[in-house]
Amino acid sequence: MRKVSLILLTALFLISSSVYAQVDDDMTGAWYMYFWNTTIGESPFGFQGDVQYRNWNMIGDLEQLLLRAGATYQPKNADIKFTLGYASISTGEFGDGTDIKSENRIYQEALIPQKIGNRFYITHRFRYEQRWVENQDFRTRYRYNLFINVPLNKKEIERGSLYLAFYNELFMNGELNIGSDQKVQYFDRNRTYFAIGYGLIDNLNIQMGMMRQSTVNWQKNQTQISLHHKF
């Protein structure tokens, strides 16, 4: 029995090690993204959303396809915007695997803009998510993101503006037991991003940069190309 137990423990260790080793930390991935937001006339209501095609490599090895949209409300005479939204996420395996895991998500967020001096545009984003992940129990997650944009050749981000973009986002899980004897830690991941942006027109910017994502089991660099559209 002792030998059998040892063999089983060794097998479990090797399996778990191979799962964590599936993600190649040295392989740079790529995320291609489009963010949009709009308001309904002069009212405080509007909509926002994004489409993200994320790859474990530069293209072709799907990490995630994320579709997200929400209704927004910005009180008059208040520097804050609230969003209630929904997201659909399809997550792929790293490498040659073809399994796709689906997730449905409802989220609430608050965006708080802030300006320091003439050139530092800061936004604080607080987001709370309710997640229904395939083959897992109901989950929740808390997120805080600090965005900083700094125009270089102009004082505002507009047509012809060249600017630096930075963000750091922390993710914390609301539950540790997620079903089927699966457990996670309170710390989910952290993302740190540096990029350069350019104002194509007054309401459309492009950013190109690098994001470092750190989880409990792996760390990985992701190039990012994103369009930011306000209309």
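A compact table of results
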quantity: Qualifying residues in segment 67-107 (those that are among the polar types (S, T, N, Q) and in contact (Cβ under 8 Å) with a residue 24 or more places away in the chain) - the one nearest to THR140 (Cα to Cα); calculated: ASN104
quantity: Positions within segment 174-231 being of a type in the set (A, V, I, L, M, F, W, C), in contact with a strand residue (DSSP E or B) (Cβ under 7 Å, 6 or more places away or on another chain) and under 18 Å from TRP31 (Cβ atoms), in sequence order; calculated: PHE194, ALA195, ILE196, ILE206, MET208, MET210, MET211, ILE225, LEU227
quantity: Hits in segment 141-161 (condition: surrounded by 15 or more Cβ atoms within 10 Å (Cβ to Cβ), part of a strand (DSSP E or B) and not charged (D, E, K, R)); calculated: TYR142, ASN145, PHE147, ILE148, ASN149, VAL150, PRO151
quantity: Subset of segment 108-122 (residues that are surrounded by fewer than 16 Cβ atoms within 10 Å (Cβ to Cβ), assigned to a strand (DSSP E or B) and touching a residue at least 12 places away in the same chain (Cβ under 8 Å)); calculated: GLN108, ALA110, ILE112, PRO113, GLN114, PHE120, ILE122
quantity: Test for LEU164: is it more than 23 Å from ARG127 (Cβ to Cβ), among the hydrophobic types (A, V, I, L, M, F, W, C), part of a strand (DSSP E or B) and within 23 Å of the chain's Cα centre (by Cα); calculated: yes
quantity: When residues of segment 184-230 are limited to those that are of a type outside the set (S, T, N, Q), out of contact with any Phe, Trp or Tyr (no Cβ under 7 Å at 6 or more places or on another chain) and exposed (fewer than 13 other Cβ atoms within 10 Å of the Cβ), the one farthest from TYR34 (Cα to Cα); calculated: TYR186
quantity: Residue ID - nearest to SER88 (Cα to Cα), chosen from residues in segment 26-62 that are among the charged types (D, E, K, R) and touching an Asp or Glu at 6+ places or on another chain (Cβ under 9 Å); calculated: ARG54
quantity: Subset of segment 32-66 [exposed (fewer than 14 other Cβ atoms within 10 Å of the Cβ), without any contact (Cβ under 8 Å) to a residue 40 or more places away in the chain and of a type in the set (A, V, I, L, M)]; calculated: ILE40, ILE59
quantity: Condition met for TYR142 (under 21 Å from MET211 (Cβ atoms), modelled with pLDDT of 95 or more and not aliphatic (A, V, I, L, M)); calculated: yes
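The values are calculated or read from the model by the stated rules, or taken from the named source; none is laboratory data. Remember, predicted model here, so these are calculated numbers, not experimental data. We place every Cβ from the backbone using ideal geometry, glycine too, and count neighbours over all the protein chains shown.
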